[in-house]
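This report concerns only the one structure given below.
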Amino acid sequence: MKKRIIVFNIITVLFALLILTSSFVALVNVNEIEKTKSLLSSYNKIMILNPNFTEKNLENFKINNVRVRFTLIDKNGNVKFDSSNKDLENHFDREEIIEAIKKDEASITRFSKTEGVNLVYYANKLDDDIIIRSAVPLSTVKVLSLRYFKYYILVIILVLLLSLGLSLKLVRAIIYPIKELETATAKIANGDFNRRAKIHTNDEVGSLAHTFNNMADQLQVRISDSLDKQNKLESILESMESGVIAIDKQEKIMLINPYAKRVFGLNKNIIGKNIGEYIIDYDLIKFIKDTPEIETVEVKILHPFERELRIKKAPIINSIKLPIGTVIAVQDITDIKRLENMRSQFVANVSHELRTPLTSIKGFAETLKYVKEDETKNKFLDIIDKEADRLTRLINDILVLSNIENNNNVLEVEFDPNEVITEAINMVSGQAVLKNTKIEILNNYKGLLVGDRDKFFQLILNLVENAIKYSGEESNVLVKSYNVNDYIYIEVADNGFGIPKEDLPRIFERFYRVDKSRAKGGTGLGLAIVKHIVKIFNGEIYVDSNVGFGTKFTVKIKKIY
């Protein structure tokens with residue numbers, strides 16, 4: 001653009017200089033011709049006043065060192081005298097002669113057939129018979145003199161240099177703001193939305209810069225709004241506990257949130273990829289592609305690991321109400337399904353556990369109708385009493401577990417855990433005496449706990465009862481409490497039968513009992529109750545057991561006092 005402006009300005013100046021020079025030359029030519037005519041008129045008057053001039057004297061009449069041609073013509077056009085030619089034809093038809101006869105004098109510039117060049121003529125009428133005419137070649141009228149030619153060239157060079165300087169200044173005046181505008185545009189295009197063009201003038205370029213700055217302000221506001229909305233959307237999608245996948249009509253992924261990536265085991269960016277290449281599940285892909293009338297379905301996927309998913313889909317509609325893709329919501333219902341299964345199993349287990357003692361009670365009660373011997377009758381009554389006690393314990397444990405799970409109003413009282421441990425051991429001391437079991441207490445904990453004292457008592461009681469129940473005769477049970485940093489640790493250890501390693505992961509499940517414990521009359525809910533109470537105290541419970549060497553339960557609770 002810079003070169004084009006300079007070239008255009010120089011061409012314009014040269015064109016203007018050419019027009020000006022041509023006009024100047026034409027004006028000078030006209031002026032010189034008029035000046036020459038004036039000289040010829042003067043020469044004619046001199047000739048009229050001095051009619052005795054000889055031909056030799058006529059050589060002194062010159063214009064620009066060129067001799068003036070004089071001619072005497074009578075009223076009939078006959079040439080009486082001519083200073084340059086001897087024999088001339090009749091001149092009555094010459095324009096200057098005709099005009100001089102009418103107006104006594106005339107001047108004209110025309111081509112001379114006699115001389116073969118353009119001449120400037122001036123004619124005066126002397127009397128009724130004679131007309132004097134003077135003439136000089138038009139080429140003698142010099143417009144440009146050779147001695148001034150170098151000055152003319154110098155003027156042209158100076159004009160060109162001045163034009164070039166003005167062009168460069170004009171280019172700077174035009175190009176600099178445009179360059180500034182171009183730099184600002186490049187900065188904004190590269191992400192520097194705070195950059196603005198500087199306004200140097202109030203002309204069209206300044207108006208353009210002002211308009212550009214206004215546009216940049218509006219663009220910055222809109223981009224900020226868009227980025228804010230995008231950040232909010234990304235934050236919402238990232239924090240959602242549901243998967244979101246958006247695909248276009250070609251089944252290419254437009255959006256996928258982190259939760260969906262985790263569900264399907266995706267670790268790389270798959271935006272723009274076909275969904276069928278990365279989510280390998282026939283039922284899911286078939287639901288997305290081939291079942292537009294169904295909006296929700298539950299599927300089980302096996303990769304990257306087994307999950308139960310609830311899938312919902314809905315069309316994505318653009319501003320003109322046309323579908324442009326599909327949005328898919330993915331919800332992991334594995335835990336929900338597992339809880340439903342646990343609930344079903346719990347009901348089945350409760351029914352089974354309740355049916356066993358009830359069947360025994362009903363069977364022996366019916367048998368008593370036909371038994372006459374007191375010894376047999378008492379034996380059956382003892383069995384009925386034991387089964388009733390078992391049924392009572394089972395119902396009590398179920399009620400306790402239900403109360404623990406459903407009671408959201410946790411008591412917050414301060415209590416001494418060592419005192420509660422002592423009370424629980426005193427409660428089971430009779431059972432220990434019957435089995436000749438020795439219980440040792442090491443209360444090294446210093447401080448108080450805050451929470452539900454009764455539930456803590458139930459926790460210790462269940463652990464100690466289990467230690468006594470599942471240990472042999474003349475066994476030892478150790479109950480120990482101590483501090484580690486800000487935590488209280490409670491250990492209940494026995495040297496009884498122990499728990500097989502394959503059973504350890506399931507011992508806290510409801511109604512789960514290892515084979516050797518089935519004969520001990522347990523309900524299978526004691527450790528489930530223990531685990532729920534530990535959760536209420538925001539604690540943890542660990543078990544360490546070896547078959548034939550005993551079992552140790554460790555409870556860890558953060559102390560608050």
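Computed quantities for the displayed model
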{"quantity": "Cut-off under 5 Å, modelled amide H: who pairs with G243 long-range", "calculated": "V330, Q331, D332"}
{"quantity": "Residue-by-residue Karplus 3J(HN,Hα) for the stretch 435-444, coefficients 6.51, -1.76, 1.60, Hz, glycine and proline x", "calculated": "9, 6, 9, 9, 10, 10, 10, 10, 8, 9"}
{"quantity": "Karplus-derived 3J(HN,Hα), 6.51/-1.76/1.60, for each residue of the stretch 63-70, Hz, glycine and proline x", "calculated": "10, 6, 6, 10, 5, 8, 8, 10"}
{"quantity": "Over the stretch 147-229, volume per residue of the alpha carbon convex hull, in Å³", "calculated": "77"}
{"quantity": "For L126, residues with placed amide H under 5 Å, excluding near neighbours", "calculated": "I131, I132"}
{"quantity": "Mean separation of Cα contacts under 8 Å, 6 or more apart, over the residue count of the stretch 240-332: relative contact order %", "calculated": "31"}
{"quantity": "Charge sum, other residues only, whose C-beta stays under 11 Å from T554's C-beta, Lys/Arg counted +1 and Asp/Glu -1", "calculated": "0"}
{"quantity": "Solvent-free Debye scattering, log10 I(q)/I(0), computed from the Cα coordinates of the stretch 14-140 at q = 0.14, 0.20, 0.22 Å⁻¹", "calculated": "-0.60, -1.13, -1.36"}
{"quantity": "Cut-off under 5 Å, modelled amide H: who pairs with F497 long-range", "calculated": "G472"}
{"quantity": "Cross-link reach list, lysines versus K558, counting only Cα pairs under 20 Å and skipping chain neighbours closer than eight places", "calculated": "K446, K455, K480, K531, K535"}
{"quantity": "Cα convex hull volume per residue for the stretch 258-315 (Å³)", "calculated": "93"}
{"quantity": "Distance violations [Cα-Cα > 18 Å] among K249/K273; K261/K300; K362/K469", "calculated": "K362/K469"}
{"quantity": "Label zone at L434 (point 7 Å along Cα-to-Cβ), backbone N below 12 Å, the stretch 464-494", "calculated": "469"}
{"quantity": "Ranked packing of 540-549, 36-45, 458-467, 373-382, most packed first, by mean Cβ within 10 Å", "calculated": "458-467, 36-45, 540-549, 373-382"}
{"quantity": "Those trypsin sites (Lys or Arg not before Pro) in the stretch 219-265 that DSSP places in a loop and that have at most 13 other beta carbons within 10 Å", "calculated": "K249"}
{"quantity": "Summed side-chain charge close to E105 - residues other than E105 whose Cβ falls under 11 Å, Lys, Arg +1, Asp, Glu -1", "calculated": "+3"}
{"quantity": "Net charge of neighbours whose Cβ lies under 9 Å from the Cβ of I324, counting Lys and Arg as +1 and Asp and Glu as -1", "calculated": "0"}
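Just so you know, all these numbers are worked out from the coordinates, no wet-lab data involved. As the structure is a prediction and not an experimental result, all values here were calculated from the model. Neighbour counts run over all protein chains shown; Cβ positions are idealised from the backbone, glycine included.
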